[in-house]
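Colleague: Sending over a structure as structure tokens; questions will come in a sec.
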Amino acid sequence: MNQTIPLFPLPLVVFPEQALPLHIFEPRYRQMLADVRAAQDLGEVAPIGICLGEDSDVSAPVGCAVLLEKVLNEYGDGRADIICVGYQRFTVGEISRERSYLMVEASFIEDEEEPLDVALLQRAQQGYTRLLELAHEESGDHFESVVPQTAFQIAQSAALPIEGKQEMLQMTRENERLLLLCSHFDELVPRLESRRAERVKIQSNGHSKDH
């Protein structure tokens, strides 16, 4: 399905169902927000295309459309704090510059159907859980204990580099995304565990020797 939607290039990658807080301050995006809210008031679904890029430059072939969930704060000068939620991925088509903000011909992406590799999902979940444990030991902060059930949910808190996030966004098979996450955790977790062991060794040095 194709639809022409507003395009908001940002130096980040958002996934379907992910909450995205945004501070809207530029006049062109204040106008975009007003147009989206007007469409919603008419009962229309009004996606905003978020795509890796900056200013008016787009640097990725696939983005994720978001839906305006809530306006948290509105300021007297037209600025606003909003919450959007990831909706559907899209291929970036023809970009129009006729309005103050960009518009894009978005071709929405559907996953290829395949049986879920449960063992891969469990591996990815284990890597995610271990990463949270290490983060908790490092910071002392408590993190959400609910284990995510999809690759995109796991990836929101997986410490993926932005290139990895974009690569994953473009994948059309869940098992492929899970495999990417497993490879990421297989590399990251041992590195963090090694760093933790080294830190513990330094902290205990000179205090645990037998006499």
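Any read-out appearing in this document is the output of simple, stated calculations on the displayed coordinates, not a laboratory observation. It should be emphasised that the depicted structure is a prediction, and the values quoted were computed from it without experimental measurement. All Cβ positions, glycine included, derive from the backbone under ideal geometry; neighbour counts span all protein chains shown.
Colleague: List, in order, the whole-Hz ³J(HN,Hα) value for each residue of the range 167-173 obtained from phi through the Karplus relation with A = 6.51, B = -1.76, C = 1.60 and θ = phi - 60°; use x for Gly and Pro.
Modeller: 4, 5, 4, 7, 6, 10, 10
Colleague: Projected onto the charge dipole of the chain (+1 at Lys/Arg Cβ, -1 at Asp/Glu Cβ, origin at the Cα centre), which of Pro61, Leu192, Leu131 gives the Cα projection farthest towards the positive end?
Modeller: Leu192
Colleague: Quick check: from the Cα gyration tensor, does the range 118-204 come out rounded (a/c under 1.5), prolate or oblate?
Modeller: Since a/c reaches 1.5 and a/b is larger than b/c, the shape of the range 118-204 is classed as prolate.
Colleague: Say a site is exposed when it is one of the trypsin sites (Lys or Arg not before Pro), sits in a DSSP loop, and has at most 11 other Cβ atoms within 10 Å; what is then the longest site-free stretch of the chain? Walk me through the intermediate numbers first.
Modeller: On the way: sites that count: Arg97, Lys209.
That would be 98-208.
Colleague: Multiply the residue gap between Ile95 and Val146 by 0.36 nm, knock off their C-alpha separation, and tell me the result in nm, one decimal place.
Modeller: 14.4 nm
Colleague: Could you work out how far apart the two model spin labels at Ser56 and Ser194 are, taking each label as a point 7 Å from the Cα in the direction of the beta carbon, and quote it in nm?
Modeller: According to this spin-label approximation, the distance is 4.7 nm.
Colleague: Now for a separate question. Given Cα pairs under 8 Å that are at least 6 residues apart, what percent is the relative contact order of the chain?
Modeller: This gives 21 percent for the chain.
Colleague: Another one. Taking 0.36 nm per intervening residue step and subtracting the Cα-Cα distance, what contour gain separates Ala119 from Asp186 on full extension? Can you show the working numbers first?
Modeller: Values: separation 67, 0.36 × 67 = 24.12 nm, distance 1.48 nm.
Separation in residues times 0.36 nm, less the Cα-Cα distance, equals 22.6 nm.
Colleague: Nothing charged except the Cβ atoms of Lys and Arg (+1) and of Asp and Glu (-1): what's the magnitude of the dipole of the range 118-204 about its Cα centre? Round to the nearest 20 debye.
Modeller: 140 debye
Colleague: Using the Karplus curve 6.51 cos²θ - 1.76 cosθ + 1.60 with θ = phi - 60°, work out ³J(HN,Hα) for each residue of the range 52-68 in order, rounded to whole Hz, and write x for Gly and Pro.
Modeller: Per residue, the Karplus-derived 3J(HN,Hα) values read 4, x, 7, 6, 10, 9, 10, 10, 9, x, 9, x, 10, 6, 10, 10, 5 Hz.
Colleague: When Tyr128, Tyr29 are ordered from fewest to most other Cβ atoms inside 10 Å of their Cβ, what list results?
Modeller: Numbers: Tyr128 23, Tyr29 20.
Final ranking by Cβ density, sparse to dense: Tyr29, Tyr128.
Colleague: For Arg89, enumerate residues with amide H under 5 Å from its amide H, sequence gap 5+ or separate chain, H modeled in the peptide plane.
Modeller: Ala65, Ile109
Colleague: Relative to the Cα centre, what is the charge dipole magnitude of the chain, using +1 at the beta carbon of each Lys and Arg, -1 at the beta carbon of each Asp and Glu, and rounding to the nearest 20 debye?
Modeller: The calculated dipole for the chain is roughly 620 debye.
Colleague: Further question: If you put +1 on each Lys and Arg Cβ and -1 on each Asp and Glu Cβ, how big is the dipole of the range 2-108 around its Cα centre, in Debye rounded to 20?
Modeller: Details: 8 positive and 15 negative charges, 11 e Å.
So the dipole magnitude of the range 2-108 works out to roughly 60 debye.
Colleague: Between [x] 1.11; [y] 0.96; [z] 1.24, which entry matches Cα Rg over 2.2 N^0.38 Å as derived from the coordinates of this structure?
Modeller: The calculated read-out lines up with [z].
Colleague: Right, something else. If we count every other residue with Cβ under 11 angstrom of Pro11's Cβ, Lys/Arg +1 and Asp/Glu -1, where does the sum land?
Modeller: -3
Colleague: Counting only C-alpha contacts under 8 Å and six or more residues apart, can you give the relative contact order of the range 47-116 as a whole percent?
Modeller: Dividing the mean separation by the residue count of the range 47-116 yields 24 percent.
Colleague: Output the 0 to 90 degree angle, nearest 10, between the alpha-carbon long axis of helix 118-139 and the longest principal axis computed from the alpha carbons of the chain.
Modeller: 70 degrees
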